[in-house]
1. Going by the structure shown, is Ala99 farther than 18 Å from Thr44 by Cβ, among the small types (Gly, Ala, Ser) and either at pLDDT 95 or above or surrounded by 17 or more Cβ atoms within 10 Å (Cβ to Cβ) (or both)?
2. Let me spell it out: the conditions are (1) over 30 Å from Trp128 (Cα atoms); (2) at pLDDT 95 or above, and Gly173 meets all of them except one. Which number is the exception?
3. Would you call Glu132 under 25 Å from Leu118 (Cβ atoms), free of Cβ contacts under 8 Å to residues at least 60 places away in the same chain and within 18 Å of the chain's Cα centre (by Cα)?
4. With the condition being among the acidic types (Asp, Glu) and assigned by TED's automatic domain parsing to the domain that holds Ile111, I'd like the helices (runs of 4 or more DSSP H) fully within the range 25-81 carrying at least 1 qualifying residues.
5. Say whether the condition of being surrounded by 14 or more Cβ atoms within 10 Å (Cβ to Cβ) and either among the acidic types (Asp, Glu) or at pLDDT below 95 (or both) is met by at least one residue in the range 177-189.
6. For Ala151, only one of the following conditions fails: (1) in contact with a Pro (Cβ under 7 Å, 6 or more places away or on another chain); (2) within 30 Å of Glu56 (Cβ to Cβ); (3) among the small types (Gly, Ala, Ser); (4) surrounded by 15 or more Cβ atoms within 10 Å (Cβ to Cβ). What is its number?
7. Restricting the search to the range 66-99, which residues are in contact (Cβ under 8 Å) with a residue 40 or more places away in the chain and out of contact with any helix residue (DSSP H, G or I) (no Cβ under 7 Å at 6 or more places or on another chain)?
Amino acid sequence: MVIRLNRPEVRNAIDLTMVEALHEVCAELEAHPQVAILTGTGGTFAAGADIGQLRERRRDDALAGINSKIFSRILDLPMPVIGLIDGYALGGGAELAFACDFRIGTPATKIGNPEPGLGILAAAGAAWRLRELVGEPRAKEILLAGRTLQADEARSIGLLNDVVDPEELEAAGEALADRIASFAPLAVRLTKSAFHAPREAHPLIDNVAQAVLFETDEKFARMDAFLARREEKRREKKQQEKREAGHE
């Protein structure tokens with residue numbers, strides 16, 4: 001599934017309508033798990049939240065967690081989400097990118113959280129998720145000093161998994177999605193769940209997940225196929241050795 005943020009006239013600023021649409025998409029992906037690609041339009045991922053709407057929000061809106069709830073829901077989707085980050089990913093747009101499992105950028109990518117300059121903080125995930133992604137010192141540069149990362153630096157610290165030319169961005173996302181989709185879906189889902197589980201849940205959660213997978217038909221089918229391919233390669237190697245020996 002490809003999800004496109006489509007408000008190019010405002011650099012895909014995230015408003016309530018977009019949040020509601022993302023909730024609908026999440027409901028579909030929860031009911032029918034699959035790898036998703038999240039991208040923008042017009043050479044921008046998302047330049048932030050809609051400042052016009054943000055200006056009018058008050059205490060109760062903050063406590064409702066309008067953006068943090070949808071970003072957490074995206075992070076918690078059963079299958080991985082691949083973010084294609086072309087151009088700006090600022091403020092809420094950066095936090096949406098941080099909720100993705102993978103992020104692929106272009107040379108034009110710019111990622112940052114300048115919220116304190118507007119008198120607010122990055123409350124939709126960056127204040128805690130960014131430290132997990134890049135470490136405390138770099139996270140503080142971005143969150144407290146308003147530093148905007150260029151593509152190469154974001155790639156060097158692992159915030160971007162890869163940087164490709166803009167015309168190759170969607171193909172790179174599709175190739176990664178296809179690779180993930182080639183694996184056993186339940187194994188991918190349980191791996192993601194175990195990865196995001198709190199430290200105290202390990203190793204129990206890993207053992208329970210593995211116990212489930214050990215009993216699946218797909219595990220036996222995939223391992224049988226692997227063993228059959230290995231045996232076939234051994235036979236081919238022996239035949240090749242015999243042919244070579246016959247020519248000596």
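The values are calculated or read from the model by the stated rules, or taken from the named source; none is laboratory data. Bear in mind that the values here come from a model prediction, so they are computed numbers and not experimental data. Glycine gets a Cβ as well: all are built from the backbone with ideal geometry, and neighbour counts include every protein chain shown.
1. No, not satisfied.
2. (1)
3. Spelling it out, Glu132 is indeed under 25 Å from Leu118 (Cβ atoms), free of Cβ contacts under 8 Å to residues at least 60 places away in the same chain and within 18 Å of the chain's Cα centre (by Cα).
4. By residue number, 51-56, 59-64.
5. Checking the range 177-189: not a single residue is surrounded by 14 or more Cβ atoms within 10 Å (Cβ to Cβ) and either among the acidic types (Asp, Glu) or at pLDDT below 95 (or both).
6. With respect to (1) in contact with a Pro (Cβ under 7 Å, 6 or more places away or on another chain); (2) within 30 Å of Glu56 (Cβ to Cβ); (3) among the small types (Gly, Ala, Ser); (4) surrounded by 15 or more Cβ atoms within 10 Å (Cβ to Cβ), Ala151 is out only on (2).
7. Residues satisfying the conditions are Ser68, Ser72, Leu75, Asp76, Gly87, Tyr88, Leu90, Gly93, Ala97.
Residue-by-condition table, conditions (1) in a helix (DSSP H, G or I); (2) in contact (Cβ under 8 Å) with a residue 40 or more places away in the chain:
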residue	(1), (2)
Ala177	yes, yes
Phe183	no, no
Gln210	yes, no
Asp224	yes, no
Glu231	yes, no
